Every structure is written in C-alpha cells, then in structure tokens.
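Notes follow once the structure below has been shown.
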Amino acid sequence: MAMTLDEIIQRRRSIRRYLPQPVEKEKILACLEAARLAPSAENSQPWRFLVIDDPELKAKVSEKAFSGIYSTCRFAVQAPVLVLLMAKLDFLANRLGRLVQGTQFYLLDLGIAGEHFVLKAEELGLGTCWIGWFNARAVRKLLRIPKKYRLVAIFSVGYPEKRPTQKQVRKSLEEIAWFNQVRD
C-alpha cells in the first residue's frame, strides 16, 4: 500500500549514511518530474538540476564541494548520486520581486521544487540530505557552470544504510501558528 502524503512528510529525514547500491535512473527521473511540477512566482520555473551519478565525476565534485571548512558535509561522498540545485536568474519575476518586495523569489521557488524532489525520493524509498554548506565556487569552476546559473544546494541521494528511528522534537502547533493576531 502506498504511503499517504502525511506519512511521507512524517517519515522524511535527512540521511547521512548510504548503501553503495546504485540508484535507478527511473527513480531520479521521477524525482525530477515531481520537482518540475512545482509552482513558481509568475511561473518562472527558475530551477535547474544537474544530476551527478558517474562515480569518477562524483568523486571530483565531492572533493571540491566538501573540502576544508566544508568537510562537515563529507558524508555526501558515499551517496551514489549528487543532485545540484541551481537557479537561472534572468527572469523578470525574480528581479522585480527583489526590488519591489525585498524578497528573492527564486529562493522560495527552488525551496518548493527541492522539497517536491526530496518528498518524491522518500516515497520511492530513497534517502536524501539537502546540503547548503559546500564550496559553490570550486564546484562551479570544476563543472564549468555558466554564470547565469546560481548554485544553491546539493542533494545527496541514495538508499539509506538505516533510517533514523528517534522521533524528532518539533515545536507545537500553538508555538508556530496563530489565527488573526500574532502572539508572544
């Protein structure tokens, strides 16, 4: 029986230990399709994904991305797949939004698309970790990523070695949400 969305959301955790088992391309494509369908400001769809599943290239990317001050994220080296989440910034909606509203809407858009990706991965039995701490400049140089793309995050993707069983402590609904007025 398929998991409900609530079950997927409750189960999804950041995975930092992966089995060496390769990930089927069909599963990655399903995650990308889920991300592709995400809504965005003015339907700008600024997200771009670069899937790194070639072991030699992944090793080079990992070395550049997770060295030095970024070494706390070296766990990603063992993931069979790395997915680079990038933004294409030449969209009117994102420029106007930043000027008028003071909000970089592309980051919201990428957050929605990225969450679609990781939730679909969870549904398919994959583990992911959303990584924002990496050497973007070194990765950009290695992969010759054009300047029109901003590298925002890296997802490590693979089959979990084990799933965390300890329940995460979350704030109560009363602490984070109110109706009609803000409370202290």
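The values are calculated or read from the model by the stated rules, or taken from the named source; none is laboratory data. Note that the structure is a prediction, hence the values are computed from the model and not measured. Note that each Cβ is placed from the backbone with ideal geometry, even for glycine, and that neighbours are counted across all protein chains shown.
Regarding segment 149-162, can at least one residue be identified that is more than 15 Å from Q78 (Cα to Cα), over 18 Å from the mean Cα position of the chain (by Cα) and among the charged types (D, E, K, R)?
The answer is no, given that none of the residues of segment 149-162 is more than 15 Å from Q78 (Cα to Cα), over 18 Å from the mean Cα position of the chain (by Cα) and among the charged types (D, E, K, R).
Are any of the residues in segment 122-131 at pLDDT 95 or above, touching a Lys or Arg at 6+ places or on another chain (Cβ under 6 Å), in a helix (DSSP H, G or I) and closer than 25 Å to A2 by Cα?
Yes, some residue in segment 122-131 is at pLDDT 95 or above, touching a Lys or Arg at 6+ places or on another chain (Cβ under 6 Å), in a helix (DSSP H, G or I) and closer than 25 Å to A2 by Cα.
Scan (1) surrounded by 10 or more Cβ atoms within 10 Å (Cβ to Cβ); (2) over 19 Å from R16 (Cβ atoms); (3) of a type in the set (S, T, Y) for the single condition S172 breaks and write down its number.
S172 satisfies every listed condition except (1).
Kindly indicate whether A41 is surrounded by 16 or more Cβ atoms within 10 Å (Cβ to Cβ), more than 25 Å from N135 (Cα to Cα) and touching a Phe, Trp or Tyr at 6+ places or on another chain (Cβ under 9 Å).
Numbers: surrounded by 16 or more Cβ atoms within 10 Å (Cβ to Cβ): yes; more than 25 Å from N135 (Cα to Cα): yes; touching a Phe, Trp or Tyr at 6+ places or on another chain (Cβ under 9 Å): yes.
Answer is yes for this residue.
Which of (1) under 24 Å from K147 (Cα atoms); (2) among the hydrophobic types (A, V, I, L, M, F, W, C); (3) at pLDDT 95 or above is the odd one out, the single condition L29 does not satisfy?
(1)
For segment 1-36, which positions are over 29 Å from C73 (Cα atoms) and within 17 Å of the chain's Cα centre (by Cα)?
We begin by selecting, within segment 1-36, every residue over 29 Å from C73 (Cα atoms); these are 1-4.
Within segment 1-36, none qualify.
What are the residues in segment 125-147 that are under 25 Å from E24 (Cβ atoms) and either out of contact with any Leu (no Cβ under 8 Å at 6 or more places or on another chain) or loosely packed, with under 11 Cβ neighbours inside 10 Å (or both), if any?
G125, L126, G127, T128, C129, W130, I131
Can you tell me which residues in segment 137-156 are touching a strand residue (DSSP E or B) at 6+ places or on another chain (Cβ under 7 Å) and within 16 Å of W47 (Cβ to Cβ)?
Once the filter is applied, which keeps residues that are touching a strand residue (DSSP E or B) at 6+ places or on another chain (Cβ under 7 Å) and within 16 Å of W47 (Cβ to Cβ), segment 137-156 yields I145, K148, Y149, R150, L151, V152, A153, I154, F155.
Please indicate, with yes or no, whether at least one residue in segment 89-98 is modelled with pLDDT of 95 or more, surrounded by fewer than 20 Cβ atoms within 10 Å (Cβ to Cβ), of a type in the set (D, E) and within 16 Å of R48 (Cα to Cα). I'd like the intermediate steps shown before the answer.
Going residue by residue through segment 89-98, those that are modelled with pLDDT of 95 or more are none.
Taking every residue of segment 89-98 in turn, none turns out to be modelled with pLDDT of 95 or more, surrounded by fewer than 20 Cβ atoms within 10 Å (Cβ to Cβ), of a type in the set (D, E) and within 16 Å of R48 (Cα to Cα).
Among the listed residues L107, L173, L142, identify the single one that is out of contact with any Ser or Thr (no Cβ under 6 Å at 6 or more places or on another chain) and touching a residue at least 60 places away in the same chain (Cβ under 8 Å).
Details: L107 fails: touching a residue at least 60 places away in the same chain (Cβ under 8 Å); L173 fails: touching a residue at least 60 places away in the same chain (Cβ under 8 Å).
Being out of contact with any Ser or Thr (no Cβ under 6 Å at 6 or more places or on another chain) and touching a residue at least 60 places away in the same chain (Cβ under 8 Å) holds for just one of L107, L173, L142, which is L142.
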